[in-house]
1. So, in the range 31-54, how many residues would count as being under 12 Å from Ser15 (Cα atoms) and of a type in the set (Ser, Thr, Tyr)?
2. If you go through the range 6-44, how many residues are farther than 15 Å from Glu70 by Cα and either at pLDDT 80 or above or of a type in the set (D, E, K, R) (or both)?
3. Looking at (1) modelled with pLDDT of 80 or more; (2) among the hydrophobic types (A, V, I, L, M, F, W, C); (3) assigned to a helix (DSSP H, G or I), which is the only condition Ala3 fails?
4. If the Cβ limit is 7 Å and pairs must be 6+ apart or interchain, which residue in the range 16-45 that is outside any strand (DSSP E or B) pairs with which residue that is among the aromatic types (Phe, Trp, Tyr) and open to solvent by 70 Å² or more (accessible area, probe 1.4 Å)?
Amino acid sequence: MEALEVALRKSTATSWHLTTSLDPRKGRVIVEDVTFEDRASFELFRDSDEHRVAVELWAAIADWWVGDYEPGLEISRASS
């Protein structure tokens, strides 16, 4: 975890939340939600040595889904 904190400090992350899921039906699910100032800051974090170390550690003990996205994509509902 310390490696991720170092990587986040080097970037311009504007928020970082690490918690467990509220829904226990799927076992222990850890949720990490990080918001960055901009795309460049995200790339700086993702390409850091500290991030690579943390990913290697977690990959050895976890089965996970990862999603990276940029806000602004709107999904409209079809009218009925």
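The values are calculated or read from the model by the stated rules, or taken from the named source; none is laboratory data. Values in this document were obtained by computation on a predicted structure and should not be read as measured data. Cβ coordinates were reconstructed from backbone atoms using ideal geometry, including for glycine residues, and neighbour counts include every protein chain displayed. Just the protein is used for accessible areas: all its heavy atoms, side chains included, with ligands, DNA and RNA removed. Shrake-Rupley method; radii C 1.70, N 1.55, O 1.52, S 1.80 Å.
1. Residues in the range 31-54 being under 12 Å from Ser15 (Cα atoms) and of a type in the set (Ser, Thr, Tyr): 1 in total.
2. Residues in the range 6-44 being farther than 15 Å from Glu70 by Cα and either at pLDDT 80 or above or of a type in the set (D, E, K, R) (or both): 20 in total.
3. If we test Ala3 against (1) modelled with pLDDT of 80 or more; (2) among the hydrophobic types (A, V, I, L, M, F, W, C); (3) assigned to a helix (DSSP H, G or I), just (1) comes out false.
4. Going by the 7 Å Cβ cut-off, there are no qualifying pairs.
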